[in-house]
Amino acid sequence: MKFLKCLLIVFFFLPPGMKSQGIVPLSITDIPQAMIDRAGTYDGESLWGYMDGGADIYLEYGFQSLLVQELTWNHEKLRLEVYLMQTPEGAFGIYSTSVIKCMQYDTLSPYDCVSRFQYQLAYGNLYIAITSESGSAAARQLFFPIARILIQKNPQTTLKLPEVFTRNQLLDNRKNLVYLQGSLGLQNSLFPWQDLFLDVHFGMYAIMIPNPESDIYFAQITFPSPADRLRFLTAAGLVKQLIPVPNVTTSEGLYHAFMQADSTAIYFLESQEPYPIDALIRKKEKL
């Protein structure tokens, strides 16, 4: 009887075509001890109502659909949110600008974070957030089995970072790495570069490296056109007489430097003291 009751509740709340949204939800057979209290899906228009005005940054990162399920398990209330994004970079972008006060990283995935009330995960095109009502240690122990089931039911290709971020200081500080691709992402990050990207289209992996003399801000920035690249370099003070220059000290006293990464991307560095990009990205020599 209890099983039948659960089944009816799930079917009542589960909108038609949920699987067609691209996300396979939890079912009552996945966690027999749990009750699925509510389930729903949202598209780009209905997301505004669900988030009460906070949907714009998700749309900037390429939002496709959202699955929400609310569970009761071992007397703990949990809310599961699975956001399907257009690209793995979009999923990682939302994750990297959302995590705060992580108690532990890299538990089930290279890109996950456990805080007191929430578990967040970037997995392929999915950004997953599991939130507990109580914030108890017992509730946090439930995050991982739920996430494992979702991963098994929604296989994805793990995001592969640009190779430069697997090197030396960049790898050591990977918890500071974010992906940004619009003005809202910049506003929600620690990078004070909003003025450099006015009217510029871009996709950017950016990282902050703590340094005793001056923190270093470093990014690999991809531009869809040479015009976007030139606008950025001009705003950064790295163009003199219409010709890009490798480094400059701006009128605000900031050191800016760039070098070409490939045909569409550059490395960009900002600090208060000169610091060569080569020294930051150089591979350690094998002993």
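Name the residue, out of 227, 206, that is over 23 Å from the mean Cα position of the chain (by Cα) and within 26 Å of residue 60 (Cβ to Cβ).
Criteria check complete, one pass: 227.
The set of residues in the range 107-125 being in contact (Cβ under 8 Å) with a residue 40 or more places away in the chain and in contact with a strand residue (DSSP E or B) (Cβ under 6 Å, 6 or more places away or on another chain) consists of 109, 111, 125.
Identify the residue in the range 235-259 that is of a type in the set (Ser, Thr, Tyr) and under 19 Å from residue 277 (Cα atoms) and, among all such residues, is surrounded by the most Cβ atoms within 10 Å (Cβ to Cβ).
255
Could you tell me whether residue 213 is assigned by TED's automatic domain parsing to the domain that holds residue 171, closer than 26 Å to residue 175 by Cα and either part of a loop (DSSP other than H, G, I, E, B) or charged (D, E, K, R) (or both)? Answer is yes for this residue.
Listed conditions (1) farther than 14 Å from residue 209 by Cβ; (2) touching a helix residue (DSSP H, G or I) at 6+ places or on another chain (Cβ under 6 Å); (3) in contact (Cβ under 8 Å) with a residue 24 or more places away in the chain are all met by residue 265, apart from (2). Return a yes/no flag: does the range 43-62 have any residue that is in contact with a Leu (Cβ under 9 Å, 6 or more places away or on another chain), modelled with pLDDT under 95, among the polar types (S, T, N, Q) and assigned by TED's automatic domain parsing to the domain that holds residue 143. For the range 43-62, residues in contact with a Leu (Cβ under 9 Å, 6 or more places away or on another chain), modelled with pLDDT under 95, among the polar types (S, T, N, Q) and assigned by TED's automatic domain parsing to the domain that holds residue 143: present.
When the range 171-183 is limited to residues that are hydrophobic (A, V, I, L, M, F, W, C) and at pLDDT 95 or above, the one that is surrounded by the fewest Cβ atoms within 10 Å (Cβ to Cβ) turns out to be 177. Might you check whether a residue that is of a type in the set (D, E, K, R), under 28 Å from residue 204 (Cα atoms), assigned by TED's automatic domain parsing to the domain that holds residue 193 and part of a helix (DSSP H, G or I) occurs anywhere in the range 164-171? Within the range 164-171 (the criterion being of a type in the set (D, E, K, R), under 28 Å from residue 204 (Cα atoms), assigned by TED's automatic domain parsing to the domain that holds residue 193 and part of a helix (DSSP H, G or I)), the answer is no, since none of the residues qualifies.
The values are calculated or read from the model by the stated rules, or taken from the named source; none is laboratory data. This structure is a prediction, so every number in the text was calculated from the model and none was measured. All Cβ positions, even for glycine, are placed from backbone atoms using ideal geometry, and neighbour counts span all protein chains on display.
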